[in-house]
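Okay, so here's the structure we're looking at.
The values are calculated or read from the model by the stated rules, or taken from the named source; none is laboratory data. The shown structure was predicted, so the numbers you read here are calculated from the model rather than taken from an experiment. So basically every Cβ, Gly included, is an ideal-geometry build from the backbone, and we count neighbours across all protein chains shown.
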Ligand SMILES: [Cu+2]
């Protein structure tokens, strides 16, 4: 028997017992958001941007009721969720369903089968995905644990972009182990000082806090896969955040910045070898 769960605290679901959860698309044209000095009215779900994190367990089946109170049609897609033999809840508009019209609702049956890690959900109609999206954290099934050391803390970092570009991200001197490269599939840990992530991709990484107490920048920039000279029409500002140690220390005047760890942008266009065939 399904019963609705409150969405304010996210979805807390347990393996073996399919329970209902409800997402509402509301106040679609009324949410005024200011980012980078620009104020706009945007489409949001449950009045939040980015959208809320949905927590599930591997093996869960989640029913999501979508109520479209906005003025644009949309669908929701569960990015990275394989949903074997369940295409009718996959979400691509005009492929497996018609868009949910304003004033209508639709219930998705989302089957979490083999995924474990972080994936995400997003709208799938025109540009609605720009603002209608959020993370999905698939926890290990009840009674099981992940094959990696349990971290002291967990954070979700979303890199927003309006460009279909790769990004590289680094955390000053902190060791990063990639444990899931794509769509919540575990892999043998890859130790690195930076990650390269593509549009729509999710990664699970373990960060080892092996530096002295202090504040450290994490930084990301776009990675250009063609002639960099052609990309001069927009802002290339790096995106940064500060990772801060707890404890008793005098913060540096400027947090450490991972300049040397971010690989340079460069063309990856294949070059023809000359003189050989
Ligand atoms: Cu997607």
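Screening segment 103-124 for residues that are more than 16 Å from residue 63 (Cα to Cα) and more than 12 Å from the ligand (Cβ to nearest atom) and picking the one that is nearest to the chain's Cα centre (by Cα) gives 118. Residue 153 meets each of the listed conditions (1) under 25 Å from residue 48 (Cα atoms); (2) assigned to a loop (DSSP other than H, G, I, E, B); (3) within 16 Å of the ligand (Cβ to nearest atom) apart from (3).
Checking each residue in segment 91-102 for being within 15 Å of the ligand (Cβ to nearest atom) and buried (at least 20 other Cβ atoms within 10 Å of the Cβ) picks out only 91.
For segment 174-214, how many residues meet the condition of being part of a loop (DSSP other than H, G, I, E, B) and over 23 Å from residue 81 (Cα atoms)?
Step one: filter segment 174-214 for residues part of a loop (DSSP other than H, G, I, E, B), giving 174, 181-185, 193, 198-203, 209-214.
From the residues that got through so far, the ones that are over 23 Å from residue 81 (Cα atoms) too are 174, 193, 209-214.
Adding up the residues that qualify gives 8.
Here's the yes/no breakdown for (1) over 26 Å from residue 198 (Cβ atoms); (2) surrounded by 15 or more Cβ atoms within 10 Å (Cβ to Cβ); (3) in contact with a helix residue (DSSP H, G or I) (Cβ under 6 Å, 6 or more places away or on another chain):
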site: 48; (1), (2), (3): no, no, no
site: 59; (1), (2), (3): yes, yes, no
site: 133; (1), (2), (3): no, yes, no
site: 139; (1), (2), (3): no, yes, no
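Pull up segment 62-82, narrow it to residues that are away from the ligand (no atom under 16 Å from the Cβ) and surrounded by fewer than 20 Cβ atoms within 10 Å (Cβ to Cβ), then point me to the one that is modelled with the lowest pLDDT. Checking each candidate, the answer is 71.
Among all residues of segment 254-262, there is at least one that is loosely packed, with under 15 Cβ neighbours inside 10 Å and modelled with pLDDT of 65 or more. Considering only segment 183-191, I want to know if a residue exists there that is within 19 Å of residue 53 (Cβ to Cβ) and within 16 Å of the ligand (Cβ to nearest atom). Yes, some residue in segment 183-191 is within 19 Å of residue 53 (Cβ to Cβ) and within 16 Å of the ligand (Cβ to nearest atom). Checked against the criterion of being in the same structural domain as residue 82 (by TED's automatic domain parsing) and touching a residue at least 40 places away in the same chain (Cβ under 8 Å), the candidates 116, 93 yield just one match: 116.
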